[in-house]
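S.K.: Below are the structure tokens for one structure; questions will follow.
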Amino acid sequence: MVLKMADWTEAELAALRRAYASGTTRVSYDGKTVDYGSAEDLLGRIRTIERQIAGATARPIAGFAGFSRGDR
């Protein structure tokens with residue numbers, strides 16, 4: 001399953017983190033309530049969103065090219 005950034009909100013991520021920290025698997029946000037089967041399921045959703053954030057904000061790394069003629 002491929003998720004896009006539009007598939008989650010900051011409110012959802014904050015609610016997921018609060019639920020995980022408090023040890024519950026029921027999460028409510030934006031008028032919705034979701035029951036996760038286990039703490040591992042909940043943590044998996046948190047990690048999925050965090051990976052999407054990291055991927056969306058990753059910037060290309062510019063490098064410095066160099067060469068040597070070998071005689072100097």
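S.K.: Does Ala65 satisfy the condition of being open to solvent by 60 Å² or more (accessible area, probe 1.4 Å) and over 15 Å from the mean Cα position of the chain (by Cα)?
M.R.: Values: open to solvent by 60 Å² or more (accessible area, probe 1.4 Å): yes; over 15 Å from the mean Cα position of the chain (by Cα): yes.
Taking the combined requirement at face value, the residue satisfies it.
S.K.: For residues that are open to solvent by less than 60 Å² (accessible area, probe 1.4 Å) and farther than 14 Å from Glu50 by Cβ, scanning just the stretch 16-32, find the one that is modelled with the lowest pLDDT.
M.R.: Of the residues in the stretch 16-32, the ones open to solvent by less than 60 Å² (accessible area, probe 1.4 Å) are 16, 19, 24-25, 27, 29.
Right, trim to farther than 14 Å from Glu50 by Cβ and you get 19, 24-25, 27, 29.
Details: Ala19: 96, Thr24: 94, Thr25: 95, Val27: 95, Tyr29: 90.
Going through the qualifying residues, I end up with Tyr29.
S.K.: Please name all residue pairs, on different chains or six or more residues apart, with Cβ atoms under 9 Å, provided the first residue is in the stretch 7-27 and is in a helix (DSSP H, G or I) and the second residue is open to solvent by less than 70 Å² (accessible area, probe 1.4 Å) and of a type in the set (Asp, Glu).
M.R.: These pairs meet every condition: Leu13/Glu50.
The values are calculated or read from the model by the stated rules, or taken from the named source; none is laboratory data. Treat the numbers as computed from the prediction; the structure is a model and nothing was measured. Positions of Cβ are backbone-derived with ideal geometry, glycine not excepted, and every protein chain shown enters the neighbour counts. Keep in mind that these areas ignore ligands, DNA and RNA; they rest on the heavy atoms of the full protein, side chains included. Shrake-Rupley method; radii C 1.70, N 1.55, O 1.52, S 1.80 Å.
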